[in-house]
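The values are calculated or read from the model by the stated rules, or taken from the named source; none is laboratory data. Since the model is a prediction, treat every value here as computed from it, not as a measurement. No Cβ is skipped: glycine too gets one built from the backbone with ideal geometry, and neighbour counts run over all protein chains shown. Just the protein is used for accessible areas: all its heavy atoms, side chains included, with ligands, DNA and RNA removed. Shrake-Rupley method; radii C 1.70, N 1.55, O 1.52, S 1.80 Å.
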Amino acid sequence: MANKLKNESSLYLKQHENNPVSWYPWGEEAFSKASNEDKPIFLSIGYSSCHWCHVMAHECFEDNEVATLLNQFFVCIKVDKEERPDIDHIYQKAHYIFAQRPGGWPLSVFMTPKQEPFFIATYIPKLPKYNMQGLMQILPKLSELYLNEKDMLSKQTDQIKQIFNKLQPEITNDDLFSIEHIHQVREEIILNLDHTNGGIKGAPKFPNEAMMNYLIKSKNKDSIVLMNKNIKKIMQSGLFDHVEGGFFRYCVDDQWQIPHYEKMLYNSSQLIELITHLTYTEPSSQYLKLIEMTVDWLKNNMLDKQGYFYSSMDADSLNDKGTLEEGFYYNFSPENETLNSMQHIFLMDGNPNYESELWHLNLRNFEDIDQIDEQRQLLKKTRQVKVKPTIDQKLVVSWNAMMIKSLLYAGRVLNKEEWIYLAQKNLDYLTDQFFISKSSLKSNQHKESVLFLDDYVFYLEALIESMQSNFKKEDYEIAFEIGNQIIEKFDSEQGAFYFTSHDHEKLFEREIISEDNATPSANGVAALILQKLSILYLDNNFFKHAEKILRHLNHKIRTQPSSHPSLMTALEYFYGDQSLITFFGSNDQISLWKNNLPNILYQDHLILFLDNKKEFYFNKTINSTYLNEGAITLCKKGICYPACKNVDELLSLINL
């Protein structure tokens, strides 16, 4: 029996189009069928590069016995969590309520035709194992539960909705979290880090990029020393692909030796930014090499000819037997003579580190990262005979925007013009494909896309970063419109922004998300960039909305500070100078200024370079005599200082 996924654009959904399960995409057809036939819904959420999603697919969804039960008792819906993070967020939270622990993927949700969950798990085997019941056991029971216990399920739904409401942020009368409290929390976070192996204590080990970026930007000496130590330890270990570059999503052990092998665009973007930050504090050829290899991997594998980046590379690839195997592409046989000649470089003591059968590469010393190009070329030849993991060519606006920002930033700091060009080509593509006029973003050329708060916010953040690299009047005008659209489309009465827009379809819950997860909190980033928009446009409305976010989410920051580094970054900016430095000059003057400007200024100041011969709003803010000769202006918290003529005068003015 054919299912309904064959016309879907999502790679994840298309991976299931030939299953015997009668899958539907998320939509009215599936919900109407469930309602008309009085059947519960089985909702399966995952993504194309997820190893355990593949495991459950092969074990269960390709199995005729399981499919027969699913088709008999349920209406089955497949969702790609990268296309519909709104749906995923809701049911991950519901999983936490049911299980009192975080969820993951695949996420298996059993719910009513009204989207009300009554049983949730992650991976479920066909038959009992791993101390879990199997689908063959639970499917008839869950169908019977739905048909015979609707009053009980209705009461359970009421309780779940009450818990959802309690978990939503609430406005309190507490004072705004102070800068002194922020400093105290930072010290507590540092104490809870793994000072031996790096990262957060325990396993599995996630990079936790938002937290590390926050600690690096803080300028606290202890934080910076620890972050340098952390990153060096992590990067010489198994999270980084030492042959081709790029980062894996996380490691399964507490020493970062063995990763979970999918490579995600959002990991690479955040780690490029993080490592670039560290070059301020400790210029390093090894840090540069990490970034160069990652950008090369992106260009060689993840870059579409139209300029945007693909979303992910799979954890699994075909092995010598023609079946999918996690990590097969990346790992090496202990019989590999090429690798065995490199034991002085790679950590290869005792039994192989991957399931005692294969080697996953970890360096013995961080300092070797930029010293082993010849060895890399030899190991690449070994890999080239293998089938590469599948790449999901989906365009995720928010992840591309994050990568644009990181490449612009790294390109400016490390003097890599080609990275800036690559990023701005991507930004132009997003603008052309998703920005129609002064009022709305539009879908990409392939399919009508649903856009969320993080798409808008990260896109706006990329525009602001672009203005600091190569100022364009069009970007300036678009950024103003996008800032207003965010307020118009997502603002809640309380202050923070909803994840979905006001015209979005009605779901089981409409969420305000404050925490940082695999990507930064969109509310945290919004609270920061709206402050920057207020400076750029002298528009206090943007600042008021940024402050409303911080006050609305103040209780969350107070009670769970380690979960909200992006909001704490915005709060520190709120207490800071909020300064804008503007350079007015000829192209030659601007080039000279850029070469003499300490990169660290970009951490604390908005910086624009403007052609003094072009009519523009900023030009009206200074004396025309200074403007004709070239000038530098500094404004802090709405107060502008006398114009400077060179970088030394500027540095003296800001006490550097």
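Structure notes:
- Subtracting the Cα-Cα distance of residue 179 and residue 371 from 0.36 nm times their residue separation leaves 64.8 nm of extension gain.
- DSSP-assigned coil residues among chymotrypsin sites (Phe, Trp or Tyr not before Pro) in region 97-180, each with at most 12 further Cβ atoms within 10 Å: 130
- Restricting region 341-382 to trypsin sites (Lys or Arg not before Pro) in coil, as DSSP defines it, with at most 15 other Cβ within 10 Å: 364
- Average accessible area per residue (Å²) across the chain - probe 1.4 Å, nucleic acids and ligands excluded: 42 Å²
- Of all DSSP beta bridges confined to the chain, the antiparallel ones make up roughly 70%.
- Over every Cα atom in the chain, the radius of gyration and the widest Cα-Cα span, Dmax, amount to 25.9, 83 Å.
- Taking the accessible area of region 1-96, probe 1.4 Å, and keeping the other protein chains in place, the carbon and sulfur fraction comes to 48%.
- Per-residue Karplus couplings for region 117-131, computed as 6.51 cos²θ - 1.76 cosθ + 1.60 with θ equal to phi - 60°, are listed in order as x, 10, 7, 9, 9, 9, 5, 10, x, 5, 10, x, 6, 6, 6 Hz, Gly and Pro entered as x.
- Pairs of lysine residues in region 86-144 - Cα separation under 20 Å, sequence separation of 8 or more or cross-chain: 4
- Antiparallel bridge percentage (DSSP; both residues within region 1-138; nearest 5): 55 percent
- Rounded to the nearest 20 debye, the dipole size of region 154-285 about its Cα centre is 160 debye, using +1 on the Cβ of Lys and Arg and -1 on the Cβ of Asp and Glu.
- Among the listed pairs 263/506; 232/305; 229/637; 217/472, those with a Cα-Cα distance over 30 Å are 263/506; 232/305; 229/637.
- For residue 77, the residues whose modelled amide H falls within less than 5 Å of its own, excluding neighbours fewer than 5 places apart on the same chain, are 24, 42, 43, 44.
- With θ taken as phi - 60° and the Karplus curve 6.51 cos²θ - 1.76 cosθ + 1.60 applied, the whole-hertz 3J(HN,Hα) list for region 152-169 is 5, 5, 5, 5, 4, 4, 4, 5, 4, 5, 5, 5, 4, 4, 5, 7, 5, x Hz, x standing for glycine and proline.
- The trypsin sites (Lys or Arg not before Pro) of region 91-137 that meet both conditions, a loop assignment by DSSP and at most 15 other Cβ atoms within 10 Å of the site Cβ, are 114.
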